[in-house]
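The values are calculated or read from the model by the stated rules, or taken from the named source; none is laboratory data. Since the model is a prediction, treat every value here as computed from it, not as a measurement. All Cβ positions, even for glycine, are placed from backbone atoms using ideal geometry, and neighbour counts span all protein chains on display. To get the accessible areas, we keep the full protein, side chains included, count just its heavy atoms, and leave off ligands, DNA and RNA. Shrake-Rupley method; radii C 1.70, N 1.55, O 1.52, S 1.80 Å.
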Amino acid sequence: MEIREAIQKLFDPGAVTFHSTPSLAGKVTKHAAKLDKERVEQQKPRQVRKPALIPVPADEHRGSMTIAPWELLHTLGRATVLAGQGSSRALSQHWSCLKYITTLHKNYQGRLELTDDGRDPRYHRKSVQAEDLGIAFALAAALRIVTRRHPGFHFEIVDADVALEAGWALRGAEVRARESTRLRPDYFLVGSKLGEPVRLVTVECKGSHGKPEAQHGQLAKAAAQVHAVVIGSDGGEPAPPPSLLMATALAGAGGIEMRILDPEGDGELVVPGDRAPRLNGPVEQLNQMAAIPVASDDDTIETRPGFFIPPSRTEWFSRVLKRTAAASLLTFAGDRGAARSLLTRRQQQRLGSEFERPGTSDDFDTEITLGDLRLVGTDQVFRFDKQRVEVFSGTTFGLYRLLREQDLSGYEQALPEMVGMWRERERQARDEWKGVIFMDEDGAVMGLRVMSDRNRPLS
């Protein structure tokens, strides 16, 4: 597909069908029982899952979502920005989503599906494509569901591995119980509302090119992964937070479709004294044992593998989540120095060394004005089939300044007005940019445009 045609289609939205029914829940539960039997036969311990797998209420998922490919690629880039490693991670962080520019389009039924390029093994390894696009579709759908479920809350995507590193060593010599930390969810959705406790939703993202039975197995495993995080409460049993299990089928005959389940959970990050957490301020790095207390029949306390946040740590974990989300946005914009200052020492290791080789890092040195809004961030130039394209990632200067100064409360207060201003001026901004550009609900902006032979955008 020619790059100009591909870019034009990036803002052409298509539908993605959701399946979330009692029948699906029953099939996944049956598959989980089969997996348990196999583990017993192999003399392996059974995986502990959430006890009840139920469908998402119909009024929250509405049977489908309509989404443009560019929003999906933007979501993938934002979600994976702290997962990159290596000397060229800045380039790979952009490429992780841009390699899918020619992969998705709307078919004659108005549904999103893979293009011929997207199905061609010369361009995409199926396993990598399923994992990446599984993340993009899952998080986009999950954000829509939790926003309907919790009106007035602003939800951010947080890489679960990075957040958990603040309290539990997951890699390296500091790991205290490696087997106890292997099973964990992919992402947290972190909801904030002025004066309210932080809402936490665990999300497991799966993708597959296989038949529906393949997704049943993926969802059965996901039910154990999301059950590995629980929150304590005063005078009650530790409870897992709400969660969403998402499996995206990329090879459906009628287009891309998703299977979603909604295991129950009532754990909230309620700060003792029933007050909202103080988001501003540093966090202490801990090295906790990965163990969840479990009451036994004889009233003794046993443990199972996983991550337990007791009541005394809910404010600490709320702050960890919000600082990790802020670091993700700063990294997306290219300011790794400011991002590092928000993270603990172990978390910082995911950003790599403080010392960069020339030409392999992103530089926070780009400023543009679109729709009379000042945007700051970083840019890179790539080639697609002999065509050079420029990609910009950043945020508004006002939001960046608040994050750089670690004023997370101020960022939360300023965000709704800033996103509203962008929505009012989005058409003007796109005309001035002369390409595709999008701002998400966190204020992160990503744009793409074709460049001329003289290194200037084509008019």
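Quick notes
- G232 meets all of the listed conditions (1) buried (at least 23 other Cβ atoms within 10 Å of the Cβ); (2) touching a helix residue (DSSP H, G or I) at 6+ places or on another chain (Cβ under 8 Å) but one, namely (1).
- Cβ-Cβ distances below 7 Å connect the following pairs, each with a first residue in segment 435-452 that is aromatic (F, W, Y), a second residue that is open to solvent by 20 Å² or more (accessible area, probe 1.4 Å), and a separation of six or more residues or different chains: F438/E71.
- Scanning segment 98-120 for residues that are open to solvent by 10 Å² or more (accessible area, probe 1.4 Å) and assigned to a loop (DSSP other than H, G, I, E, B) returns K99, T102, N107, Y108, Q109, G110, D120.
- Yes/no for A90 being at pLDDT below 85, over 22 Å from H227 (Cα atoms) and not polar (S, T, N, Q): yes
- Some residue of segment 389-405 being in a strand (DSSP E or B), open to solvent by less than 10 Å² (accessible area, probe 1.4 Å) and more than 23 Å from R336 (Cβ to Cβ): yes
- Output for segment 289-301, where each listed residue is assigned to a loop (DSSP other than H, G, I, E, B) and either of a type in the set (V, I, T) or buried (at least 16 other Cβ atoms within 10 Å of the Cβ) (or both): A290, T300
- The residue list E268, E284 contains one member that is touching a Lys or Arg at 6+ places or on another chain (Cβ under 8 Å), among the charged types (D, E, K, R) and either open to solvent by 10 Å² or more (accessible area, probe 1.4 Å) or free of Cβ contacts under 8 Å to residues at least 24 places away in the same chain (or both), which is E268.
- Scanning segment 302-353 for residues that are under 20 Å from T378 (Cα atoms), in a loop (DSSP other than H, G, I, E, B) and either in contact with a helix residue (DSSP H, G or I) (Cβ under 7 Å, 6 or more places away or on another chain) or touching a residue at least 24 places away in the same chain (Cβ under 8 Å) (or both) returns G334, D335, S341, L342, G352.
- Contact map, segment 407-423: first residue free of Cβ contacts under 8 Å to residues at least 12 places away in the same chain and among the aromatic types (F, W, Y), second residue outside any loop (DSSP other than H, G, I, E, B) and open to solvent by less than 50 Å² (accessible area, probe 1.4 Å), Cβ cut-off under 8 Å, separation 6 or more or different chains; the map is empty.
- Count - residues of segment 17-28 that are in a helix (DSSP H, G or I) and without any contact (Cβ under 8 Å) to a residue 60 or more places away in the chain: 3
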